[in-house]
Structures are given as structure tokens and as C-alpha cells.
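Colleague: Structure in C-alpha cells, see below.
The values are calculated or read from the model by the stated rules, or taken from the named source; none is laboratory data. For clarity, every value in this text was computed on a predicted model and none was experimentally measured. Please note: Cβ atoms are built from the backbone with ideal geometry, for glycine as well, and neighbour counts cover all protein chains shown. These area figures cover heavy atoms from the full protein model, side chains too; ligands, DNA and RNA do not enter into them. Shrake-Rupley method; radii C 1.70, N 1.55, O 1.52, S 1.80 Å.
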Amino acid sequence: MNLEAIMDYMPQLLKGLETTLELTFASLFSGLALAVVFTLILSLRFKPLEWLVKAQILLFTGTPLLVQIFLIYYGPAQFKGLQDSFLWPLLSEPWFCALLALALNSAAYSTQLFKGAVDAVPAGDWEAALALGMNKRQTLIRIVLPHAFRRALPAYGNEMILVMKGTSLASTITLMDLMGYADRLNARTYDTLTVFTLAGVIYLTMTGIMTLVIRIMERRALAFSN
Amino acid sequence: MGIVVQGLSKAFGSTTVLKDISFSIPKGETTVLLGASGAGKSTLMRMLNLLETPDAGTMNIAGMNFSFSEKTDEKQLNKQATSLRRKVGMVFQQYNLWPHMTVLQNLIEAPIVQGTPKQDAITRARELLDRVGLTEKAEAWPSSLSGGQQQRVAIARALMLSPDVLLFDEPTAALDPAITNQVVEVIKELSQSGITQVVVTHEVEFARKIASRVIYLEDGEIVEDGSAEHFKNPQTAEFKAYLEH
Ligand SMILES: Nc1ncnc2c1ncn2[C@@H]1O[C@H](COP(=O)(O)OP(=O)(O)O)[C@@H](O)[C@H]1O
Ligand SMILES: [Mg+2]
């Protein structure tokens, strides 16, 4: 590992950073939106939808993320009908498939987190709201969920970092993210140790920054409990 | 327009908790529901705002009529319960303030959900905080307040909807005896304002200080029911014994 190699590799690796960051935040954002909807469905016990959400959680927490990425990317090609549909331009796009897999995966884990937090909100929060003439849905949306999300934030912070690291699997379906560029560089130089050490350092830096941001958010969101 | 209940009863599974309860409370009175732990006081009080559904009986409260039987339609009742609770406020032993919201947010939340313009709600909230002596605490988190302060916030929150009836379930049980007087003062002041109050407690001293009427419960039945005079002249041996224990 010499300085010259590092100076040479670093800019090449950083070309993938944008894709990694985009994929991370797009997945987190869509996963979060889905998780909020899923949590509502579970908490209000909307009958047929409740079962679908539970099945989704079972599937996406019970199988490896890599299997999910492969199935979403390679799976649809097996169905003639899908190839002719308007969805095909999206489903044949590795970026979109990686996003879909990561978002659904993150939604499943986040929903588990949020539902756990909703169930852990003290019964007194519910009773006080009901006794003030709020109905169940208003209580859930205006009181219980905001309380639960704050309490779930530390655990959700870990989930955010898992998603960021999980984006590296997208390189297996030809996506040129940070890991994709590292793979390519390694194939060309065989300087495996330097290339992947550098990639690791970049991931570590992102983890560090995200951890810091999450801590700040936590401090604000949980200010009430001090 | 006080409270009239007739033949209320309630069982949880096979245990009967309340048996054929009837009483009437005139408007503006402060009635204490007294009795030992497990007598059914909380259950009875929670029926008055339908947090608990009676198995049988009728209830007239805050101008609304209810009649209960096996055929009571849950959905229908839930809707009515929501409007009833806007007129019948409740204060809990553990305050039940929402911890992630400031004092002011705790006060304005329900009125805003029910359509009060935010500015009006804030104005009213500040008036009520003044009234319970917590002007300075509007922006504080509940966890930063003492028990007595939290309970006064809870009372102010219940008053935000200008209820006709205010229910208190053991409002001082979690408080230091020295702090109890803060709550006594607020209840006394409210009784001047014409609001009907029902206060559950097992503390005789506290009851004496606030009551204009008393109902004494034992094992889910009313044993004694009358004016505050009954504290001096109990009519039943059971109530006499309870006062002296
Ligand atoms: N949700 C419930 N399920 C089963 N039993 C209950 C429930 N709520 C109260 N009880 C029982 O009803 C009786 C009366 O309780 P409660 O009304 O809380 O009495 P009090 O407030 O006078 O102490 C007790 O024996 C209690 O165990
Ligand atoms: Mg009780």
C-alpha cells in the first residue's frame, strides 16, 4: 500500500460514491414511507392488508438481502407478460431493482421496530387521548405514533446504517456504486488489499457521519425524556 | 343537568364488580366516591365517560342518555362516547400527560383535533395555566415538573374542552401528602365555577376537604349516599367503620 496508489485509486472509487449515496437515501426514504403506512395498517388492524404486511415482513426479514436483490433483478425476466408491460423499463434497470429490494427490506425491519415502539407506548397515553374525546385513529396518528417514532429513533439509526452498507450488494447486479468501482479497480490492478481497504475507509467515514447526524436528531427528538 | 344513573352493573368475566348501582348527582356538586381498594370505584368512574361499558342499566350525563344491555351496539356507542367525552373530562392518578409534548402542546392538542383554531386554543391554554398557577411552565416538558405540577397540568388539559363534568380518579394518590393541598385548592376553586365534579379516592382526609356529597362503595355496591354531613353523621355501620379505620 503506497501513497501513490492511494492517490491514484481514490478518485476512481469516489466516482461510485454518488450512486451509493443516492441509493442509500432513496431506499431509506421509500422504506420509511412504506414502514409508516405498514405500521398504521398493523396498529389499526386493517384486516386483509394486515395479513399482507405480516407476510411481507416474514419474507423480507426471513431471507438474505442478496437473494432479494437477485430475485427482483433476474426474476421478472422469466415472465413473458412482465417483459411486455410498462413496468419492464423499470424492472430491467439495476438501479431501480436495487432500490426496490433495499426499500422493501428496510420497510420490513423498520415496521417491526415501529410496531414494537407503538406497542410499548404506555396505555396512559391512549386513555388520556380517548378521555379527551379523540378517536382511536386520531390518537394513533397524533399522539402514539409521534411518541413511538421518537423512542424508536436510536434503533432506526442502526437500520439506516445497515441500509447504507447494504447498498454495496447492488454491485452484484452490475450497478456501478462505490463497491462496483472497487470491483472493477481490483480486477484491473489485482491490488486487492489497497482497493478494498480504501473502499472500507470510505464506508466507515459515511457510517461515522451518519452516526453523528443520528445522534443529533436523537438528542432533539428525545429531549423530553431528560 | 347533573348525573343520573340507574341499575348500572358490570362483570369482568365471572366476577361481578358493580351491582345495580343507582344514584343521582345534582349539577355543580363535588361528589366523592369513597371506598376501599377493589371496591369498584375506578370502574364506576370510568363508566361515566364510557372508558368502560356497563353490562346493564341507564345513564344520563351531560345531557346525553345511554341505556345498556347485551344488545348495545359497540360502533354506535363508540361514536357517542367520543362526543360524551368532550363534555366529561377525566383526570388520572398517574396524570397521563403525553411526555413527548410540552405542557402547552398537551393542552392544545385535543381542542385542535376537534377543530378549535390554534390561536384560540393557545390563548385559552395560557388562561388555564394561569388559573392553576403554572404560567411559567407552558414550554416545559412534563418530566421536568413535580407530581403536583403535572397533576395541575392534567386538570388544565381536561378543562380545555370546558367540560360540564370533571372526573378525578385518585388524583392525589401518587402525590406527597404536602402536595395534596395544591390539588385540593384547584378542586375547591372549580367547585365555585359550577362544574360538576366526581372524585374517586380512598383517603378520608382528602375527601372531607373537598366533598359536598359522598357516595361510599363496598364490594361493588353503594352503602352510603348523601351530603357531606354524612362525614359527621354516618348512617351505616360500614361507613362509620371506614371513616374510623
Ligand atoms: N379490566 C379489568 N379486568 C378484570 N378485572 C378488573 C378490571 N378492572 C378492574 N377489575 C377488577 O374489578 C374490581 C374493582 O376494581 P376497581 O374499579 O379498579 O376498584 P377500585 O378503584 O375501587 O380500587 C377489582 O377486583 C379489580 O381486580
Ligand atoms: Mg381505583
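Colleague: Specify the angular offset, from 0 to 90 degrees and rounded to the nearest 10, of the alpha carbon long axis of helix A:94-120 from the longest principal axis of the alpha carbons in chain A.
Modeller: The answer is roughly 30 degrees.
Colleague: Further question on the same structure: Could you give the longest part of chain B that holds none of the GluC sites (Glu not before Pro) found in DSSP loops with at most 13 neighbouring Cβ atoms within 10 Å?
Modeller: Maximal segment without exposed cleavage sites: B:140-245.
Colleague: Here's something else I'd like to know. Per-residue mean of other chain beta-carbon atoms within 10 angstrom of the beta-carbon, peptide B:93-102? Please report the intermediate quantities before stating the final value.
Modeller: Numbers: counts 1, 5, 2, 9, 3, 12, 9, 14, 5, 1.
Mean partner-chain Cβ count within 10 Å for B:93-102: 6.
Colleague: What relative contact order, as a whole-number percentage, does chain B give when Cα pairs under 8 Å and 6 or more residues apart are counted? Before the final figure, lay out each step's value.
Modeller: Numbers: 449 pairs, mean separation 67.0, N = 245.
Relative contact order comes out at 27 percent.
Colleague: Same structure again: Could you tell me which chymotrypsin sites (Phe, Trp or Tyr not before Pro) in region A:177-212 are loop residues by DSSP with no more than 15 other beta carbons within 10 angstrom of their beta carbon? Please report the intermediate quantities before stating the final value.
Modeller: Working: sites: A:TYR181, A:TYR190, A:PHE196, A:TYR203; in loops: A:TYR190.
Counting only loop positions with at most 15 other Cβ atoms within 10 Å, the chymotrypsin sites (Phe, Trp or Tyr not before Pro) in region A:177-212 are A:TYR190.
Colleague: Just the number: Rg to Rh for region B:178-232, Cα atoms, Kirkwood Rh, two decimals.
Modeller: That ratio is 0.98, to two decimals.
Colleague: Can you tell me the dipole magnitude for chain A around its Cα centre, using point charges on the Cβ only (Lys, Arg +1; Asp, Glu -1), in Debye to the nearest 20?
Modeller: 840
Colleague: In whole percent, how big is the carbon plus sulfur part of the accessible area of region B:1-51, probe 1.4 Å, protein atoms only?
Modeller: Carbon and sulfur: 50 percent of the exposed surface of region B:1-51.
Colleague: Moving on. Could you tell me the extents of chain B's C-alpha atoms along the three principal axes, largest first, rounded to whole Å?
Modeller: The Cα atoms of chain B stretch 50, 44, 31 Å along the principal axes, largest first.
Colleague: Taking only the alpha-carbon positions of the protein assembly as shown and ignoring solvent, what does the Debye formula give for the base-10 log of I(q)/I(0) at q = 0.10, 0.11 Å⁻¹?
Modeller: Taking Cα atoms of the protein assembly as shown as identical point scatterers yields -0.83, -0.92.
Colleague: Could you list log10 I(q)/I(0) for region A:3-225 at q = 0.10, 0.13, 0.15 Å⁻¹, which the Debye formula gives when each Cα is one point scatterer?
Modeller: Each listed q corresponds, in turn, to -0.56, -0.85, -1.03.
Colleague: Moving to a separate point now. Regarding region B:127-203, what's the average projected area of the Cα-atom convex hull, expressed in nm²?
Modeller: Value for region B:127-203: 5.1 nm².
Colleague: Most fluctuating residue of B:THR172, B:THR15, B:THR135 in a GNM of chain B with Cα springs under 10 Å: which is it?
Modeller: So, out of B:THR172, B:THR15, B:THR135, the one fluctuating most is B:THR15.
Colleague: Pull up all non-local amide H partners of B:ASP20: gap of 5 or more, or a different chain, and H-to-H distance under 5 Å with H placed in the peptide plane.
Modeller: Correct list: B:SER9, B:LYS10.
Colleague: Still on this structure: Computed on protein heavy atoms with a 1.4 Å probe, what is the summed buried accessible area for the chain pair A and B, in Å² to the nearest 100?
Modeller: Answer for the A-B pair: about 2000 Å² buried.
Colleague: Kindly provide the chymotrypsin sites (Phe, Trp or Tyr not before Pro) of region A:1-75 that DSSP labels as loop, not H, G, I, E or B, and whose Cβ sees at most 14 other Cβ atoms within 10 Å. Could the numbers behind the result be given before it?
Modeller: On the way: sites: A:TYR9, A:PHE25, A:PHE29, A:PHE38, A:PHE46, A:TRP51, A:PHE60, A:PHE70, A:TYR73, A:TYR74; in loops: A:PHE46.
Of the chymotrypsin sites (Phe, Trp or Tyr not before Pro), the ones in loops of region A:1-75 whose Cβ has at most 14 other Cβ atoms within 10 Å are A:PHE46.
Colleague: Angle, helix A:192-221 long axis vs. longest principal axis of chain A, Cα atoms, 0 to 90°, nearest 10?
Modeller: 20
Colleague: Need the per-residue list for region A:115-152: every residue with at least 40 Å² less accessible surface in the complex of protein chains than in the chain by itself, probe 1.4 Å, sorted by number.
Modeller: So the qualifying set is A:GLU127, A:ALA128, A:LEU130, A:ALA131, A:LEU132, A:GLY133, A:MET134, A:ARG142, A:ILE143.
Colleague: Given B:LYS41/B:LYS87; A:LYS54/B:LYS10; B:LYS19/B:LYS232; A:LYS115/B:LYS137; A:LYS136/B:LYS27, which pairs have Cα atoms separated by over 25 Å?
Modeller: Table pairs above 25 Å Cα-Cα are A:LYS54/B:LYS10; B:LYS19/B:LYS232; A:LYS115/B:LYS137; A:LYS136/B:LYS27.
Colleague: What is the distance in Å between the Cα centroid of region A:143-185 and that of region B:125-157?
Modeller: For region A:143-185 versus region B:125-157, the Cα centre distance is 42 Å.
Colleague: Any chance you could give the angle, 0 to 90 degrees and rounded to 10, that helix A:178-189 forms with the longest Cα principal axis of chain A?
Modeller: 20
Colleague: Can you give me the relative contact order of region A:3-225 as a percent, contacts being Cα pairs under 8 Å and 6 or more apart?
Modeller: It rounds to 31 percent for region A:3-225.
Colleague: Ignoring ligands, DNA and RNA, how do B:SER83, B:SER144 rank by accessible area with a 1.4 Å probe, largest first? Working shown, then result.
Modeller: Values: B:SER83 50, B:SER144 75 Å².
Of B:SER83, B:SER144, the descending order of accessible area is B:SER144, B:SER83.
Colleague: Which of the DSSP-defined H helices in chain B satisfy a minimum axial length of 15 Å, computed from C-alpha atoms, and a minimum mean Kyte-Doolittle hydropathy of 0.5?
Modeller: TM-like helix candidates: B:103-113.
Colleague: Now, a different point. Counting only protein heavy atoms and using a 1.4 Å probe, what share of the accessible area of region B:112-245 belongs to carbon plus sulfur, as a whole percent?
Modeller: The computed percentage sits at 46.
Colleague: If you stretched the chain out fully between B:ASP120 and B:LEU77, how much longer would it get, using 0.36 nm times the residue separation minus the C-alpha to C-alpha distance?
Modeller: Details: separation 43, 0.36 × 43 = 15.48 nm, distance 3.02 nm.
Computed gain between B:ASP120 and B:LEU77 is 12.5 nm.
Colleague: Using DSSP to define loop residues, name the trypsin sites (Lys or Arg not before Pro) in region B:1-81 whose beta-carbon has at most 10 other beta-carbon atoms within 10 Å.
Modeller: Those that pass, being in a loop and sparsely packed, are B:LYS71.
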